Amino acid sequence: MPSSATLTVLGLLAGALTSFSFALQVWQSWRTKSVKDVSAGMYLVFSTGVILWLIYGLLRRDIPLMVWNTLTLVLVATILVLKFRYGRRRPTTSAQRGTPD
């Protein structure tokens, strides 16, 4: 069995990579102001799972679970806010944007 420190480093690395994937979605959604292909239902269900993982991490006092699930929850919540903020906008045509088709 690997040492406790090795397991912690592994957990921190795994969490960093999975959380970073949501940071990429936040950046893309914010930059383009487009969330048309983002499923609010999937993110709501996923958020519930992340909250449960966070509670589990808190109860186990597991640093990687606490840190990365907190960050992931913030990122996922940001995506949901963008979904509800930008998702209500009517799509603009290229003529309205002043760009060619």
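The values are calculated or read from the model by the stated rules, or taken from the named source; none is laboratory data. Model, not experiment: these values are computed from the prediction. Note: ideal-geometry Cβ built from the backbone for every residue, glycine included; neighbour counts use all protein chains shown.
If I filter region 49-69 for residues that are surrounded by 15 or more Cβ atoms within 10 Å (Cβ to Cβ) and modelled with pLDDT under 90, do I get at least one hit? Within region 49-69, none of the residues are surrounded by 15 or more Cβ atoms within 10 Å (Cβ to Cβ) and modelled with pLDDT under 90. Taken over region 24-48, the criterion of being under 12 Å from the mean Cα position of the chain (by Cα) and surrounded by 14 or more Cβ atoms within 10 Å (Cβ to Cβ) is satisfied by 25, 26, 28, 29, 38, 43, 46, 47.
Within region 1-28, track down each residue that is among the small types (Gly, Ala, Ser) and closer than 15 Å to residue 74 by Cα. Quick ask: steps written out before the conclusion?
So the first thing to find is which residues in region 1-28 are among the small types (Gly, Ala, Ser), and the list is 3-5, 11, 14-16, 19, 21, 23.
15, 16, 19, 21, 23, listed by residue number.
For beta carbons closer than 6 Å, sequence separation of 6+ or different chains, a first residue in region 43-66 that is part of a helix (DSSP H, G or I) and a second that is hydroxyl-bearing (Ser, Thr, Tyr), the qualifying pairs are 50/72.
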